Amino acid sequence: MAMVTTGSDDAALPLAIPVLAGRQWGPGADLTSHDPDALAEYLDQADFQGELGQVVALPGARTVYLVGVGEEVDLEALRKAAGSLAAASKRAGRVSTTLHHLAVDGAEGAVAEGFVLGSYSFDRYRSDPGEAPPEPGLHLIADQGSAEAADLSVASAVANAVNRARDLVNTPASDKGPEAIAKSIQAFADRPDVRFEMWTGEEVIEAGFGGLAGVNAGSARPATMLRVTYRPDGATRKLAMVGKGIVFDSGGLTLKPYESMKSMKTDMAGAAAVLAAFEAIVELAIPIEVIAITPLTENLPSGTAVKPGDVLTARNGKTMEVLNTDAEGRLVLADGLSLAAESDPDLIVDLATLTGACVVALGRKIAGLFAPDDEAAQLVEAAAARAGERVWRLPLPEDYRPDLDSEVADMKNVAGHRYGGAIHAALFLKEFVGDRAWAHLDIAGPSWPEDTGFYQGKGASGFGVRTLVQIARDLAHAESSILSAHSE
Ligand code: BES
Ligand code: MN
Ligand code: ZN
């Protein structure tokens, strides 16, 4: 776990300083001990111009990392630059820096966050970890007392939560059974202001979670519905977060081809984000009631698996005809969202690796955002932008809903044609939120971005954690008018 500290400079540590595009030295760059001509030649050789994410190490009595921050420095540029520094300085352990001295509001937090995210790696499955590198750490050189301790603790709590979500998603499916995931948060939940509840096996059926039970029918490992609730003193707002927790999605009897199946241990990225965000919110004592709900199961074919044509009944009583067993996320979320709506939250946000169609529409870096009302959509858009995660709103056209009409049940789980697949999935979910304000994030693309660089290494991104924590912070401090139409 990368540590972030602040204080006066520690000359025993390497020093990392920002450089703007065109090799303009940023704050803290004291290179008087370097011969200017030799330095210029060295940087020419390294083709270092100060472009965002370029990092070059200058050897000397004290190693100096020059960290490119590019042309226009904003919060995201600082996160990216700090992430690149973390990757480039892996062997150095702790590094002292002035990156946050660039005049951007919230710079300390962004630099800390980018560094902790960029330090992440997932090595626990290697038999020979090699020579263990020193613990990474970032020391922010105090700048006229500007480093806000509070900003730093938020940033490092959030970034460490993102890394925990990454760990969960990167873990092989066979090593993260539904119960094991639920229990991973149980110890954390052992405190008076947090309530831990789980339904497993028969209890899932008894509680009426028919979508979850149906998807689980082919699996040897029982399903689990998990609900954890944080109720701090004096909270006036209530946020419900629901995460799709398909530990492995083979498609079920509607089996996926190998190419699509091989990455499906990631199909619980929504649940991972929700649980990690929950922990960060509690750790930071954000004054808002938060309910985290994750339906957890695998989706596997077997002699007992749910079959095309079967009808399942969700927790809210609605019936769902399963025409494609690979559209399983919406079936388990039907129960998760119904459960969320029961506690009358001000806002429900769900995160789900729901559709390949959303990846086709928006690619691997942007999540699809669906929300019937503009206020909820804007709240999520603003939080995501602030947090540095990319979302794009897509429509929920009512006249697409008849595509989900079933000949035998209240709805069928697929439209029967592949056009607008992300929209049909979202329209399906909408049937389960009642009259609550609700936003749905389809994170099938950005949960596993493929592209690496800056603060994203190989594998899972932990997408959604940062946005969820920001939503909780914004809602906790929102004026009473926000979402008022729904909270009456
Ligand atoms: N888990 C998948 C969606 C997915 C695809 C996640 C790619 C991550 C990357 C989901 O359960 C699924 O299989 N969706 C189907 C829906 C279809 C059957 C209507 C899909 O997208 O093909
Ligand atoms: Mn599926
Ligand atoms: Zn799935």
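Scan the helices (runs of 4 or more DSSP H) fully inside region 108-220 and keep the ones with 2 or more residues being among the hydroxyl-bearing types (Ser, Thr, Tyr).
Values: elements: 149-170, 178-184, 202-206, 210-216.
Output list reads 149-170.
Got a number for residues in region 306-332 being within 13 Å of ligand 2 (Cβ to nearest atom) and under 14 Å from Ala213 (Cβ atoms)?
Counting residues in region 306-332 that are within 13 Å of ligand 2 (Cβ to nearest atom) and under 14 Å from Ala213 (Cβ atoms) gives 6.
Evaluate the following for Gly356: is it open to solvent by 20 Å² or more (accessible area, probe 1.4 Å), away from ligand 2 (no atom under 16 Å from the Cβ) and out of contact with any helix residue (DSSP H, G or I) (no Cβ under 6 Å at 6 or more places or on another chain)?
So Gly356 fails the test.
Within the set of pairs 6 or more residues apart or between chains, which connect a residue that is in contact (Cβ under 8 Å) with a residue 60 or more places away in the chain and farther than 13 Å from Asp335 by Cα inside region 197-212 to a residue that is of a type in the set (A, V, I, L, M) and buried (at least 19 other Cβ atoms within 10 Å of the Cβ) with Cβ atoms less than 8 Å apart?
none
Cβ-Cβ distance below 6 Å, separation of 6 or more or different chains: which pairs start in region 243-261 with a residue that is at positive phi and end on one that is more than 10 Å from ligand 2 (Cβ to nearest atom) and open to solvent by 40 Å² or more (accessible area, probe 1.4 Å)?
Partner pairs satisfying both residue conditions: Gly252/Pro301.
I'd like to verify a number: residues in region 216-250 that are surrounded by 24 or more Cβ atoms within 10 Å (Cβ to Cβ) and among the charged types (D, E, K, R), how many?
2
Kindly indicate whether Lys318 is within 11 Å of ligand 1 (Cβ to nearest atom), farther than 16 Å from Gly218 by Cα and open to solvent by 10 Å² or more (accessible area, probe 1.4 Å).
Criteria not met by Lys318.
Which residue pairs have Cβ atoms under 7 Å apart, sit 6 or more places apart or on different chains, and have a first residue in region 404-420 that is modelled with pLDDT of 95 or more and a second that is small (Gly, Ala, Ser)?
Close Cβ pairs satisfying both conditions: Leu404/Ala415; Lys412/Ser406; Asn413/Ala327; Val414/Ala327.
Just to be sure, is Ala155 open to solvent by 20 Å² or more (accessible area, probe 1.4 Å) and either of a type in the set (A, V, I, L, M) or closer than 30 Å to Asn299 by Cβ (or both)? First the steps, then the outcome.
On the way: open to solvent by 20 Å² or more (accessible area, probe 1.4 Å): no; either of a type in the set (A, V, I, L, M) or closer than 30 Å to Asn299 by Cβ (or both): yes.
Considered against the rule, which asks whether it is open to solvent by 20 Å² or more (accessible area, probe 1.4 Å) and either of a type in the set (A, V, I, L, M) or closer than 30 Å to Asn299 by Cβ (or both), Ala155 comes out as no.
Determine, yes or no, whether Ala11 is more than 16 Å from Ser89 (Cβ to Cβ), in a loop (DSSP other than H, G, I, E, B) and touching a residue at least 40 places away in the same chain (Cβ under 8 Å).
Yes: the conditions hold for Ala11.
How about region 243-362: which strands (runs of 3 or more DSSP E) wholly inside it have at least 3 residues that are more than 10 Å from ligand 3 (Cβ to nearest atom) and modelled with pLDDT of 95 or more?
Once the strands (runs of 3 or more DSSP E) in region 243-362 are filtered for at least 3 residues that are more than 10 Å from ligand 3 (Cβ to nearest atom) and modelled with pLDDT of 95 or more, what remains is 289-299, 310-313, 319-322, 347-352.
Does Leu441 satisfy the condition of being touching a residue at least 24 places away in the same chain (Cβ under 8 Å), in a strand (DSSP E or B) and out of contact with any Pro (no Cβ under 9 Å at 6 or more places or on another chain)?
yes
State which residue pairs qualify: first residue assigned to a helix (DSSP H, G or I) and inside region 87-104, second residue open to solvent by 40 Å² or more (accessible area, probe 1.4 Å) and of a type in the set (Phe, Trp, Tyr) in any location, beta carbons under 9 Å apart, and separation of 6 or more residues or different chains.
Ala87/Phe454
Quick grid of which residues meet (1) open to solvent by 30 Å² or more (accessible area, probe 1.4 Å); (2) part of a helix (DSSP H, G or I); (3) more than 19 Å from Ile348 (Cβ to Cβ); (4) within 16 Å of ligand 3 (Cβ to nearest atom):
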| position | (1), (2), (3), (4) |
| --- | --- |
| Ala376 | no, yes, no, no |
| Glu381 | yes, yes, no, no |
| Ala384 | no, yes, no, no |
| Glu389 | no, no, no, no |
| Glu407 | yes, no, yes, no |
| Gly416 | yes, no, yes, no |
| Ile423 | no, yes, no, no |
| Leu427 | no, yes, no, no |
| Phe432 | no, no, no, no |
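Could you identify the single residue in Ala107, Ala2, Ala16 that is under 17 Å from Leu138 (Cβ atoms), modelled with pLDDT of 95 or more and within 23 Å of the chain's Cα centre (by Cα)? Quick ask: steps written out before the conclusion?
On the way: Ala2 fails: modelled with pLDDT of 95 or more; Ala16 fails: within 23 Å of the chain's Cα centre (by Cα).
Testing whether each residue is under 17 Å from Leu138 (Cβ atoms), modelled with pLDDT of 95 or more and within 23 Å of the chain's Cα centre (by Cα) leaves just Ala107.
Does Asp175 satisfy the criteria of being farther than 17 Å from Ala292 by Cβ and more than 16 Å from ligand 1 (Cβ to nearest atom)? Steps first, answer last, please.
Details: farther than 17 Å from Ala292 by Cβ: yes; more than 16 Å from ligand 1 (Cβ to nearest atom): yes.
Considered against the rule, which asks whether it is farther than 17 Å from Ala292 by Cβ and more than 16 Å from ligand 1 (Cβ to nearest atom), Asp175 comes out as yes.
Can you name the residue in region 103-152 that is among the polar types (S, T, N, Q) and surrounded by fewer than 24 Cβ atoms within 10 Å (Cβ to Cβ) and is also nearest to Thr6 (Cα to Cα) among such residues?
Ser146
The values are calculated or read from the model by the stated rules, or taken from the named source; none is laboratory data. These numbers come from a predicted model, not from an experiment. All Cβ positions, glycine included, derive from the backbone under ideal geometry; neighbour counts span all protein chains shown. Please note that ligands, DNA and RNA were not included when accessible areas were found on the heavy atoms of the full protein model with its side chains. Shrake-Rupley method; radii C 1.70, N 1.55, O 1.52, S 1.80 Å.
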